[in-house]
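The values are calculated or read from the model by the stated rules, or taken from the named source; none is laboratory data. This one's a predicted model, so the numbers in the text were calculated from it and none came from an experiment. So basically every Cβ, Gly included, is an ideal-geometry build from the backbone, and we count neighbours across all protein chains shown.
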Amino acid sequence: MEDQKSKLLSRGDLFSMAVGQIIGVGIMTMTGIAIGFTGRSVNIAYIIAGIITIIGAVPQIYIGGTANFVGGQYSQIAVLSGKKMAGIYLYIQLFSALAISMYTLSFADYFLSLVPGVPAKLICTIVLTALFGMHLLGVKQAARLQNILCAVLAVAIASYIVLGVGHIQPDYFTSGFMTGGPGGFVLAAIYLTFAAGGAQYVVNYSSAAKNPTKDIPFVIIASTGVVVLIYAVMATVAAGVLPVEQVANQPLSVSAEAFMPKAVYTFFVVGGAMFALLTTLNFNIGMIVYPVLRACEDGWLPRKLAVKNEKYGSAHYILLVFYLIGTVPILIGLDLNTVANSTVILFTIIRGVIAYSAMQLPKKLPELWNKSSFYVCNGKLKAVCIFSMVLAALSVVVLLISTSTAQIIGNIAILAFSIVVALLVNKRVKLNPSFTENSR
């Protein structure tokens, strides 16, 4: 019989989860767009993007390293920024669950390019049932699956790098470098923070981690750093094997086709993209459970949903609800891509809310903050948090420029709905203590 500790996530499990979340199919398209902004200096832009992303995540590290917030970002916002703000965050988070169906449909598209004729709905149902079934067996099982998926994804990425490095043109640094000038380079770096980000959401696994206050800050920094370095090498290959004008604003498949044997090319484009989707999907299914579980206990949602399976410790009712949210739109043929993508700006704004929340640590949790391994003086705390808020604001500007009008309207509508519902439900919500001082 496993003890409770053995069922929790180790640092390695959390690292694998975070890497799987960061690496998505966006790398296949975003690199080419960034090459269009800055040419072959895209690799340096990736490094800068990684540094910006890590600095921007420091407020999250301050909070996560000070106490174990069992509901992840929901509990952090509730304790440090207030009940109403936590409610707004929760309802926005619920809308983001619609991305489950979007990721699954994208996976089916790639699968059907390999095996035409299989019903897409069948593929989607099998994938979602398998992933949710794994989470029903406990978060540790889902983490083991993530480790396997990340291993296959690593092979696909390694094939691109190993086969491509030898084909980089010798004039890399003398032709097509900094094509967009300083402005294009800065724009590329800010744009690529979207490819480098995502590790901070591992904080939502706090209650399932063995040593959250130490492991989660480490994982946020380490996973971001490792993935960004890999991205920088991939970007060097993408921009270097062909003239810049041939790869600018093109997916990685264009450069891959120039040097990969056909079988390996198929594995990279399809297998790599498919497993990137699966790792992101697997992470998001687990990530959304813990904030919702805590919110149910507080009263934002029906408390009966918070019941856990006695054997596996999984929130089976919550998982069932999200399984239906992911499956039903697919089965009835409802296209929710616009709605699913309409929380991107809002979650970028939430990064700013987390930074504001971190500024409240000396006021709201003075004793724990003073004992924190990440303690800094008030001046440094404010400087870092303000920088993170400015970065979030710049990211929102980039999104407003590049996002469709329909999705901007969607963000506004979801925000308005979340505010109204949070204000209506607020009176019957009673926040319970949602953090602990020490790790397990």
**Fill in**
Scanning region 393-409 for residues that are over 20 Å from residue 37 (Cβ atoms) and either surrounded by 11 or more Cβ atoms within 10 Å (Cβ to Cβ) or touching a Phe, Trp or Tyr at 6+ places or on another chain (Cβ under 9 Å) (or both) gives 406, 407, 408, 409
**Message:** If I go through region 378-401 residue by residue, how many of them are touching a residue at least 24 places away in the same chain (Cβ under 8 Å) and under 21 Å from the mean Cα position of the chain (by Cα)?
**Reply:** 13
**Message:** Any residue at all in region 311-320 that's more than 23 Å from residue 14 (Cα to Cα) and buried (at least 20 other Cβ atoms within 10 Å of the Cβ)?
**Reply:** no
**Asked** Could you count how many residues in region 82-112 are under 17 Å from residue 430 (Cβ atoms) and either touching a Lys or Arg at 6+ places or on another chain (Cβ under 6 Å) or in contact (Cβ under 8 Å) with a residue 12 or more places away in the chain (or both)?
**Response** 6
**Message:** Checking the structure you have, find out if any residue of region 412-428 is out of contact with any helix residue (DSSP H, G or I) (no Cβ under 8 Å at 6 or more places or on another chain), part of a helix (DSSP H, G or I) and not hydrophobic (A, V, I, L, M, F, W, C).
**Reply:** yes
**Asked** Does at least one position in region 104-120 carry a residue that is of a type in the set (A, V, I, L, M, F, W, C), touching a His at 6+ places or on another chain (Cβ under 7 Å) and surrounded by fewer than 22 Cβ atoms within 10 Å (Cβ to Cβ)?
**Response** no
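Table: residues versus (1) farther than 30 Å from residue 297 by Cα; (2) outside any helix (DSSP H, G or I); (3) modelled with pLDDT under 90.
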position: 12; (1), (2), (3): no, no, no
position: 34; (1), (2), (3): yes, no, no
position: 43; (1), (2), (3): yes, no, no
position: 50; (1), (2), (3): yes, no, no
position: 57; (1), (2), (3): no, no, no
position: 60; (1), (2), (3): no, no, no
position: 66; (1), (2), (3): no, yes, no
**region 408-427, residues that are among the charged types (D, E, K, R) and under 26 Å from residue 206 (Cβ atoms)** = none
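Could you please give the count of residues in region 158-200 that are of a type in the set (A, V, I, L, M, F, W, C) and in a loop (DSSP other than H, G, I, E, B)?
3
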**Request:** Among residues belonging to region 59-93 that are buried (at least 24 other Cβ atoms within 10 Å of the Cβ) and within 17 Å of residue 196 (Cβ to Cβ), point out the one that is nearest to the chain's Cα centre (by Cα).
**Result:** 60
**Request:** Would you mention how many residues in region 246-257 are loosely packed, with under 14 Cβ neighbours inside 10 Å and either touching a Ser or Thr at 6+ places or on another chain (Cβ under 7 Å) or touching a residue at least 12 places away in the same chain (Cβ under 8 Å) (or both)?
**Result:** 1
**Request:** Would you check if there is a residue in region 412-425 being crowded, with 19+ Cβ neighbours inside 10 Å, touching a strand residue (DSSP E or B) at 6+ places or on another chain (Cβ under 6 Å), under 25 Å from residue 90 (Cβ atoms) and not hydroxyl-bearing (Ser, Thr, Tyr)?
**Result:** no
**Prompt:** If you take the residues of region 201-221 that are touching a Pro at 6+ places or on another chain (Cβ under 9 Å) and over 11 Å from residue 13 (Cβ atoms), which of them is surrounded by the most Cβ atoms within 10 Å (Cβ to Cβ)?
**Reply:** 203
**Fill in**
Among (1) in contact (Cβ under 8 Å) with a residue 24 or more places away in the chain; (2) surrounded by fewer than 21 Cβ atoms within 10 Å (Cβ to Cβ), residue 16 falls short only on (2)
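How many residues are of a type in the set (A, V, I, L, M), touching a helix residue (DSSP H, G or I) at 6+ places or on another chain (Cβ under 9 Å) and under 18 Å from residue 113 (Cβ atoms) when one looks only at region 225-278? Full working, then the answer.
Start the filter on region 225-278 by keeping residues that are of a type in the set (A, V, I, L, M), which leaves 226-230, 232-235, 237-239, 241-242, 244, 247-248, 252, 254, 256, 258, 260, 263-264, 269-270, 273-274, 276-278.
Within this subset, residues satisfying the condition of being touching a helix residue (DSSP H, G or I) at 6+ places or on another chain (Cβ under 9 Å) are 226-230, 232-235, 237-239, 241-242, 244, 247-248, 252, 254, 256, 258, 260, 264, 269-270, 273-274, 276-278.
So of that shortlist, the ones also under 18 Å from residue 113 (Cβ atoms) come out as 252, 254, 256, 260, 264, 269-270, 273-274, 276-278.
Total meeting the criteria: 12.
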**Fill in**
Looking across region 217-271 at residues that are closer than 21 Å to residue 42 by Cα and of a type in the set (D, E, K, R), the single one that is modelled with the lowest pLDDT is 257
**Request:** Show the residue pairs that are 6+ apart or on different chains and have beta-carbon atoms under 6 Å apart, the first residue being within region 294-319 and within 25 Å of residue 140 (Cβ to Cβ), the second being among the hydrophobic types (A, V, I, L, M, F, W, C) and part of a loop (DSSP other than H, G, I, E, B).
**Result:** 295/301; 308/315; 312/137; 317/307
**Asked** Which is modelled with pLDDT of 95 or more and either in contact with an Asp or Glu (Cβ under 6 Å, 6 or more places away or on another chain) or at negative phi (or both), of 87, 20?
**Response** 87
